[in-house]
Amino acid sequence: MKKLKIGIIVNDNFVDKYTYQLARWIKFNNKKFVTKSFISIKKEKNLSFVNKKIFKKILFKFIIFFENLLLQFYPNHKNHLKRFDLREIIRNKIIIKKYKFGNKLLFKSKDIEKIKNEKFDILIRSCSEIISDDLIKATKYGILSFHHGDYRKFRGSPAGFWEVFYKEIKTGFMIQKINKTLDFGNIIVNGFFQTKYFFLLNQAELYEKSNFYIKKIILDFYGNRKFKYIKKKNKGKVFETPKITNQIKYLIKTLFVLLKKIFRKNNFFKLALFNINSLNKPTYIENENKKFLADPFLFNRNGKTYCFAEEYDFIKKKGHIICKKYSGQSIINKKIIIEEKFHLSFPYIFEYKNNIYMCPETSEISEIRIYKCVSFPYKWKFYKTIKKNIKTADSMLFKKNNLWWLFTNIDRSLTGDFTHDISIFYSKDGPLTNKWHDHPLNPIKIDSSQSRNGGLIFDKNKIFRISQKQGFDNYGQDINFHQIKLLTTKKYIEKNIKNREYEKIKKILNNKNVHHISKLDEKIIIDFK
């Protein structure tokens, strides 16, 4: 297949680390892509000495300076503001200039000809300049551009700031093929990540995670030479550098959040057991000293009910899998059933050909593993790795329509965040195979408010996927119920529903944060903070 010729539009050859990483990735994939030149737009000089917005910009630079110091405590984001020389990767620099034509800024025709002569297939906008129509038409397939923000609420800049200011639970992004409409071209991908507690951290996470998806778009386009667009919604208003009053408000809010994080007592998960016939009389399962319980799953065997869960040990700094027996209204006889040198959680349990298996979360070793029960319920052994070299969490396997399905949460950007990506795989050879097929819609969702798995409920012929809803700087704020309406090798549809039993449970718990739920017959178990 013919290689794609890709160019990057920048303001100067010194670029942010995300543009630099993207260029390096394009160069590395030289069997599919060619990149010999980048385009640098020379800015018009601002001749006005007095700028009415100068004072708010100065204060905002102080905010950025101090937050960058705070960012040094986050190893992945130390270089968020550092600039890198793009000429280390792409040597040829094409300089183009804008000129004013009435109320419009256009490029000189000789510069447009320079771009046309390069015969780019795709250009990627990685600059602050608005791209005019003459440049859009200079490529074969158009120009791709990021918009960092939920375009329905926050357009403009600074990217990632206003979501923190308003304490939004998620921060959006989209990747578009641009046209004349500012921040509102043909949308190819949009998604949402959990909002972090200060602006620069939120921006760094936003840039890092969204960078993966433009790589995926380019790879998909290489395979079929087509962009798939999604339906637009109404666009929001354009924001800019906040006023001084809003910057002061932001500083006060952020300082309060930071102090709260430093001095508040940690609020860990614990379990609560409910009976559907007496929801108002829950049984609380207290944590042992320096440990907490989470991710509970109920399982029936020979007329008896058992609870499998993660127990996190603060001394060992990792989790292991435990089993407890259900007796009356209590959970008793705790035993550790699986412990490894690495962290384990989310002990999803299932049956296959008269045997019992478990698929716990093993993201620390970049595998999806299966354990087999040797003697129920306490004796287990490692059986097989069904997927290698994958950073993924909270996997669930089940059979439907004569196929086995694997629902899992992938950390595609390798930032340690599993909250926003839900992906599906299917197998024709049962659940113990390593031959899993990627669903063509993957990732099914990119949304931290409804992607991460929090359990699976089978009710007669209905299947309900439980997802976690992450809050503003709050992991595991709530859960959602999604009924799986359509699941085929080409399509997936789920419908958000309300669950009356869960609504009652929330009231009984006084609306505390719920992270996971398991239901079996008349029994319900949750973890909550």
Note to self: If I filter the stretch 447-464 down to residues being touching a residue at least 24 places away in the same chain (Cβ under 8 Å) and among the polar types (S, T, N, Q), which single residue comes out as surrounded by the fewest Cβ atoms within 10 Å (Cβ to Cβ)?
What the structure shows: Ser449
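This table checks each residue for (1) in contact with a helix residue (DSSP H, G or I) (Cβ under 7 Å, 6 or more places away or on another chain); (2) assigned by TED's automatic domain parsing to the domain that holds Lys228; (3) of a type in the set (Val, Ile, Thr); (4) surrounded by fewer than 22 Cβ atoms within 10 Å (Cβ to Cβ).
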| site | (1), (2), (3), (4) |
| --- | --- |
| Leu406 | no, no, no, no |
| Asn409 | no, no, no, no |
| Thr419 | no, no, yes, no |
| Tyr426 | no, no, no, yes |
| Gly430 | no, no, no, yes |
| His439 | no, no, no, yes |
Note to self: Condition first: of a type in the set (Val, Ile, Thr) and in contact with a helix residue (DSSP H, G or I) (Cβ under 9 Å, 6 or more places away or on another chain). Now tell me which residues in the stretch 208-254 satisfy that.
What the structure shows: Ile214, Ile218, Thr241, Ile244, Ile248, Thr254
Notebook entry, point to check: Can you name every residue in the stretch 127-156 that is in contact with a helix residue (DSSP H, G or I) (Cβ under 9 Å, 6 or more places away or on another chain), charged (D, E, K, R) and free of Cβ contacts under 8 Å to residues at least 60 places away in the same chain?
Noted result: Asp134, Lys137
Next item on the list: Specify the residue that is farthest from Val164 (Cα to Cα); the eligible residues are those in the stretch 417-441 that are in contact (Cβ under 8 Å) with a residue 60 or more places away in the chain and β-branched (Val, Ile, Thr).
Entry: Ile424
Item checked: Residue check, Asn389 of a type in the set (S, T, N, Q), assigned by TED's automatic domain parsing to the domain that holds Asn474, more than 29 Å from Ser210 (Cα to Cα) and surrounded by fewer than 21 Cβ atoms within 10 Å (Cβ to Cβ) -> no
Check: Which of the following residues is within 26 Å of Ser126 (Cβ to Cβ) and in contact with a Lys or Arg (Cβ under 6 Å, 6 or more places away or on another chain): Tyr222, Tyr213, Tyr229?
Finding: Tyr222
Checklist line | Single unsatisfied condition, Thr254 versus (1) more than 26 Å from the chain's Cα centre (by Cα); (2) modelled with pLDDT of 90 or more; (3) of a type in the set (S, T, N, Q) | finding: (1)
Next item on the list: Looking only at the stretch 185-208, decide whether some residue is of a type in the set (D, E, K, R), within 14 Å of the chain's Cα centre (by Cα) and closer than 30 Å to Asn30 by Cβ.
Entry: yes
Item checked: Search result, residues across the stretch 219-243 that are over 30 Å from Phe33 (Cα atoms) and of a type in the set (Asp, Glu) -> Glu240
Next item on the list: Working only within the stretch 397-421, note down all residues that are part of a strand (DSSP E or B), closer than 18 Å to Ile466 by Cβ and touching a Phe, Trp or Tyr at 6+ places or on another chain (Cβ under 7 Å).
Entry: Leu397, Phe398, Trp405, Leu406, Asn409
Next item on the list: Specify which of the listed residues (Lys232, Lys215, Lys228) is at pLDDT 95 or above, within 21 Å of Ile178 (Cα to Cα) and surrounded by fewer than 17 Cβ atoms within 10 Å (Cβ to Cβ).
Entry: Lys215
Check: Can you pull out the residues in the stretch 235-253 that are hydroxyl-bearing (Ser, Thr, Tyr) and loosely packed, with under 14 Cβ neighbours inside 10 Å?
Finding: Thr245
Checklist line | Residues satisfying the stated conditions in the stretch 9-31, i.e. under 13 Å from Leu81 (Cβ atoms) and either part of a loop (DSSP other than H, G, I, E, B) or among the charged types (D, E, K, R) (or both) | finding: Asp16, Lys17
Next item on the list: Among the numbered conditions (1) over 18 Å from the mean Cα position of the chain (by Cα); (2) among the aliphatic types (A, V, I, L, M); (3) over 25 Å from Lys167 (Cα atoms); (4) surrounded by 13 or more Cβ atoms within 10 Å (Cβ to Cβ), tell me where Ile444 comes up short.
Entry: (1)
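The values are calculated or read from the model by the stated rules, or taken from the named source; none is laboratory data. Since this is a predicted model, take the numbers as computed values, not measurements. Cβ coordinates were reconstructed from backbone atoms using ideal geometry, including for glycine residues, and neighbour counts include every protein chain displayed.
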